[in-house]
Amino acid sequence: MRKYLKLNAPIPGKLYFILSVSAFALLLLLWQLGVTVGHLPPSHLPPPGAVARAAVALATDGLIGDIGISFFRVTTGFLLAAAIGVPLGILMGSLKVAEAFFEPLLAFFRYMPASAFIPLTIIWLSIFEAQKIGVVFIGIFFQLVLMIMDVTQNVPQDLIDTAYTLGARPLEVFRRVLLPAALPGIMDTLRVTLGWAWTYVIVAELVAANSGLGFLIMNAGRQLSTPDMFVGILTIGVLGIICDMAFKALNRLLFPWLEREV
Amino acid sequence: MALAAEPGISGNKLAVVNLTREFNFKHRKITAIQGISLEVKEGEFVTILGPSGCGKSTLLRIIAGLTEASSGQVYKDGRLIQGPGRDRGMVFQSYTLFPWLTVRQNIEFGLNLKRVEADRRHEIVNHYLDIIGLTAFADAFPKSLSGGMKQRVAIARALANDPDILLMDEPFGALDAQTRLVMQELLLKIWEETRKTILFVTHDVEEAIFLGDTVYIMTARPGRLKARIPVPLSRPRSFEIKNSRVFLELKTSILEQIREESLKAATMMPAGCD
Ligand SMILES: Nc1ncnc2c1ncn2[C@@H]1O[C@H](COP(=O)(O)OP(=O)(O)OP(=O)(O)O)[C@@H](O)[C@H]1O
Ligand SMILES: [Mg+2]
């Protein structure tokens, strides 16, 4: 027992898995107890069974479509932000002139919450797909650029200097050292921002949409159908954790050389 | 203005002329090194001994072309040095293997930049893998190497690139005493074979004497050269020499000379009292 309480020491993978699963099981148990023993009103906390039944019913009635459309919005906004943000962040992280020009501006925008832009995006982009994608983009872009810049700047100077003493020219240092050294951090930033993208798509859909998981939750709310709301919320959680695990698996595949498992 | 005709600049592998470097630190000027001049002959093994913070790394970085001098010049083969280049290889104080490359790929990094063809590249890498005794680890990533193994690869990587001068900044500083001894002997063995010109920085007196033809002693910050001491020990050397009378006498005399410097360094404020 003692050996599992050492600070920051690794534990067997099996134990890790068991502990992770038991946390979910415990939550489910508490939920069920809250309903049966605690007598919480089902209109506030529907029993797990009712939620499961609602999930099955919704699965054949639009849930898949809503997942699809939300997924599309998230992915598009995310890829757009990454396509511009990753190169820009790397540029800012490796060239001081680029940092001086962009960093204060982006830091300024970062403090304006994406949700505050929603009315404006509706005027600019109407309420079509572009508007939802726009909210996702605004929500993650500025943070993403600044985080990528940070990752790039944190590449150890000694590695860069080593390359110079081995005869590399600036562009070679960039391609052969800076990029590979920054790549794991870049992938991790993408993983984190993808999670945020899910938050912003739901915000956008709660306000102005007639499809998507946010709309499903909003609509269920209007009809006071708590089980449906639960299904919507839980689905987002499940999708989030799937994305996260996929990213982690990809990183393990891409970076077998990392000291620490990602 | 130092002219190339000045004695010492031509005829020597390396000539450092009146080198000074200042840093700005919290709105104050710190002089890291001041007025350092030294000459290194082709094939000479020079060790530089100095207390922590006396500017040893700064000196090597300027010679490598990674840091600019505030004043003074460095000449290699009579030509002014103006930036980093593959003619001056460097082994750093910290571990600097590229973690995403295997041991083999690390060693051939410079050869790839030079576009050396595959056959020749393999030959060179295998040669150095053999010398450092890590052939079995050729395809391992640096994460699975010990500190001593990492520095061995770093040395092989620098040597495979065939530099004129090898700059070594406390490469064994982070290693335990036994590994350090093994590494010193290995380095001497490699040097006997290649006869590279080496500038080796350390704060370990025994290491400086054991390795060097010439030992330079630096003062505490601002770092100046305090003494130049030729080492009259015959080559090739093995570790037994550390118990010889000549070695021990040299050690005592050098220890006396650096004792006051170390005391100064230890009582100095971090922002410097220059
Ligand atoms: N980039 C820098 N900015 C400001 N001060 C610096 C910088 N680099 C070095 N210094 C200062 O210059 C002095 C000499 O530093 P240097 O790293 O050359 O010493 P060192 O002899 O290599 O020390 P150590 O034995 O601890 O490695 C130190 O006081 C250090 O604080
Ligand atoms: Mg140093």
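None of the figures in this text is laboratory data; all of them are computed from the coordinates on show. These numbers come from a predicted model, not from an experiment. Don't worry about glycine lacking a Cβ; one is built from the backbone with ideal geometry, like all the others, and counts go over all protein chains shown.
Values as computed for the structure displayed
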{"item": "Point-to-point label distance, residue A:29-residue A:234, nm (Cα→Cβ direction, 7 Å offset)", "result": "1.8"}
{"item": "GluC sites (Glu not before Pro) within segment A:181-262: DSSP coil, no more than 12 neighbouring Cβ in 10 Å", "result": "A:259, A:261"}
{"item": "Highest-first arrangement of B:33-39, A:20-26, where packing means the average Cβ count within 10 Å", "result": "B:33-39, A:20-26"}
{"item": "Residue exposure sequence - B:234, B:10 - by fewest surrounding Cβ within 10 Å", "result": "B:234, B:10"}
{"item": "Amide N of segment B:154-187 lying under 14 Å from the label point, which is placed 7 angstrom from the Cα of residue B:77 along Cα→Cβ", "result": "B:162-166"}
{"item": "³J(HN,Hα), Karplus 6.51/-1.76/1.60, whole Hz, each residue of segment A:234-242, x for Gly, Pro", "result": "5, 4, 4, x, 4, 4, x, 5, 5"}
{"item": "DSSP loop trypsin sites (Lys or Arg not before Pro) with at most 12 other Cβ within 10 Å: longest gap in chain B", "result": "B:27-114"}
{"item": "Pairwise FRET efficiency - residue B:228 versus residue A:110, Cβ, R0 = 51 Å, nearest 0.05", "result": "0.35"}
{"item": "Inter-chain shielding of A:118-126 (mean C-beta neighbours from other protein chains, 10 Å cut-off)", "result": "0"}
{"item": "In order through segment A:176-192: 3J(HN,Hα) via Karplus (6.51 cos²θ - 1.76 cosθ + 1.60), integer Hz, x for Gly, Pro", "result": "8, 10, 4, 5, x, 6, 8, 4, x, x, 5, 4, 5, 4, 5, 4, 5"}
{"item": "Student exercise, segment B:195-274 dipole from Lys, Arg, Asp, Glu Cβ charges, in Debye to nearest 20", "result": "280"}
{"item": "Charge-dipole axis of the protein assembly as shown as Lys and Arg at +1 and Asp and Glu at -1 on Cβ define it, positive-most pick from A:22, B:154, A:153", "result": "A:22"}
{"item": "Segment A:1-99: trypsin sites (Lys or Arg not before Pro) in DSSP coil with no more than 11 other Cβ atoms inside 10 Å", "result": "A:6"}
{"item": "Helix runs (DSSP H) in chain B reaching 18 Å along axis by Cα, Kyte-Doolittle at least -0.5", "result": "B:147-160, B:177-194, B:245-267"}
{"item": "Stretchable slack from residue A:83 to residue A:179, in nm (0.36 nm times residue separation minus alpha-carbon distance)", "result": "33.0 nm"}
{"item": "Unsatisfied cross-links (Cα-Cα over 22 Å) in the set B:56/B:226; B:56/B:264; A:248/B:150; A:3/B:150", "result": "A:248/B:150; A:3/B:150"}
{"item": "Gaussian network model of chain B, Cα within-10 Å springs - most flexible of B:188, B:59, B:113", "result": "B:113"}
{"item": "Computed label-point distance, nm, for sites residue B:185 and residue A:64 using a 7 Å Cα→Cβ extension", "result": "7.2"}
{"item": "Cα centroid separation - segment A:213-249 against segment A:100-151, whole Å", "result": "23"}
{"item": "Only Lys, Arg (+1) and Asp, Glu (-1) charged, at Cβ; chain B dipole about Cα centre in debye", "result": "580"}
{"item": "Potential extension, residue A:97-residue A:5 segment - 0.36 nm per residue separation minus Cα distance", "result": "28.3 nm"}
{"item": "Chain B: calculated mean residue ellipticity at 222 nm from DSSP helix runs of at least 4, using -39500 (n - 2.57)", "result": "-10500 deg cm²/dmol"}
